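Data block below; observations after.
Read-outs: derived from the displayed coordinates by stated rules, not from any lab. As the structure is a prediction and not an experimental result, all values here were calculated from the model. Neighbour counts run over all protein chains shown; Cβ positions are idealised from the backbone, glycine included.
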Ligand SMILES: [Zn+2]
Ligand SMILES: [Zn+2]
């Protein structure tokens, strides 16, 4: 099968012809039709995350169809459309797993990091961690739901009932969460890079009440924020603009240092926090919610061979919505 392989960090991915994988017990062999590209992939490729399996097939927003269930795998039928997210396996035994927090599992394995992912024509996944894909979403449009959507959704829950919510960094995740938050009756203030007027117009179009640059002061204090951009200083920027009781949540796996700040800015029961990974429950909840909003995803599509260009698009930030790779054997371009 064709795959784009990371052989060494800080090196471009290389197109390779790999042996076809086969499904082990409890796994499904999946013919990949689309795979979303996440900022986390960039952190893996660029060496910010230091322990990937190598060589590695990245990609943890996989949409495809089951071609062969492994021994004892009965959850999905041949031909059924499934999604594979970042959380690929958990131990079920550690104190986190036993307390409903499998997202924090000590021994978790992640798709496209510890396990081969979806920048390939075929992938195998433990069927217990896969999700059925809601009908009505073409494969490419569904892919960003699997990380940008559902880890963003977990972050939104951590923000609590915040009425006025700031979204810092308007990429794949924010463009989905903006729609969800507006649907929940929240008031969204979207922050983009300075001068990104197109991005600000895009945010308003998706339900943001106000959009401006992260250097601007929002029209009102915010009751909560999700910081998607990997910039620690935005945590304190959001804090400065927050009302008492606000929760400021970082949604990224890697971020530059958070600068120090006077305690009085945190006083008033403000909380700084982070979101890590997902639980299967998050996934099921979000997959049921997305079509009800309904969340519409805007995607920029690349071919499998163009995976390096797709990563570059996220690196430079010139993306409207989400970046997705079309991996299907039929979509060879
Ligand atoms: Zn991701
Ligand atoms: Zn565990």
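Among 247, 315, rank each residue by its count of other Cβ atoms within 10 Å, from fewest to most, as a rough exposure measure. Please report the intermediate quantities before stating the final value.
Numbers: 247 22, 315 13.
So the residues, fewest neighbours to most, are 315, 247.
Label points 7 Å out from Cα along the Cβ direction at residue 77 and residue 10: separation in nm?
Taking the two extended label points, one gets 5.1 nm.
Distance between the C-alpha centers of the stretch 1-64 and the stretch 79-158? Whole Å please.
Between the Cα centre of the stretch 1-64 and that of the stretch 79-158, the gap is 14 Å.
When a footprinting reagent is the concern and you count Cβ atoms within 10 Å, what order do 175, 241, 320, 60 take, fewest first?
Numbers: 175 30, 241 20, 320 15, 60 27.
In order of increasing Cβ crowding within 10 Å: 320, 241, 60, 175.
So what's Rg/Rh here for the stretch 203-333, counting alpha carbon atoms and using the Kirkwood radius for Rh?
Details: Rg = 18.0 Å, Rh = 17.6 Å.
Across the stretch 203-333, the Cα-based Rg/Rh ratio is 1.03.
Ranked by Cβ crowding within 10 angstrom, fewest neighbours first, how are 17, 139 ordered? Walk me through the numbers on the way to the answer.
On the way: 17 8, 139 22.
Arranged by neighbour count, lowest to highest, 17, 139 become 17, 139.
If only Cα atoms are counted, what is the Rg of the chain, and what is its Dmax, in Å?
19.3, 58
Using helices alone, I'd like the mean residue ellipticity at 222 nm for the chain: each DSSP H run of four-plus residues gives -39500 (n - 2.57), total over residue count, nearest 500.
-6000 deg cm²/dmol
Please compute the modelled spin-label separation between residue 183 and residue 271, points set 7 Å along Cα→Cβ, answer in nm with one decimal.
Inter-label distance under the simple model: 2.4 nm.
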